[in-house]
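The values are calculated or read from the model by the stated rules, or taken from the named source; none is laboratory data. Because the structure is predicted, anything quoted here is derived from the model rather than measured. Because the Cβ atoms are built from the backbone with ideal geometry, glycine has one as well, and the counts that use them run over all protein chains shown.
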Amino acid sequence: MARKIAYRKKRQNRTGMLLVTTVVLMMLLVVTIKSVELRGKREIYEQQEAALQAEIEAEMLRTEEIEEYGKYTQTKKYVEELAKDKLGLVYDGEIIFKDKK
């Protein structure tokens, strides 16, 4: 009878170990799959971050250009160029040569 009890305990231990091993392997599989998915998402987010960073830099350059143009439009040189080009105004004593085209 002691043999039967010992045999049952061994059998229960093997079954228990098999179940625990199966559960651990399943958990390991799930963690591995989720890890791969997260790596993929991270790569996508890094690409989006790089694209947005490039867009921010482009907008910063554009802002600087707009500020420079705003300063330029406040100068006397801009007003003179605009008067000559759009309105055809000239200084006294200035001679204008026009093409025959």
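So here's what we get for this one:
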| read-out | value |
| --- | --- |
| Meets criteria (outside any helix (DSSP H, G or I) and surrounded by 10 or more Cβ atoms within 10 Å (Cβ to Cβ)) for residue 82 | no |
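This table checks each residue for (1) modelled with pLDDT of 95 or more; (2) touching a helix residue (DSSP H, G or I) at 6+ places or on another chain (Cβ under 7 Å); (3) hydroxyl-bearing (Ser, Thr, Tyr); (4) surrounded by 10 or more Cβ atoms within 10 Å (Cβ to Cβ).
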position	(1), (2), (3), (4)
2	no, no, no, no
9	no, no, no, yes
16	no, no, no, yes
30	yes, no, no, yes
33	yes, no, no, yes
88	no, no, no, no
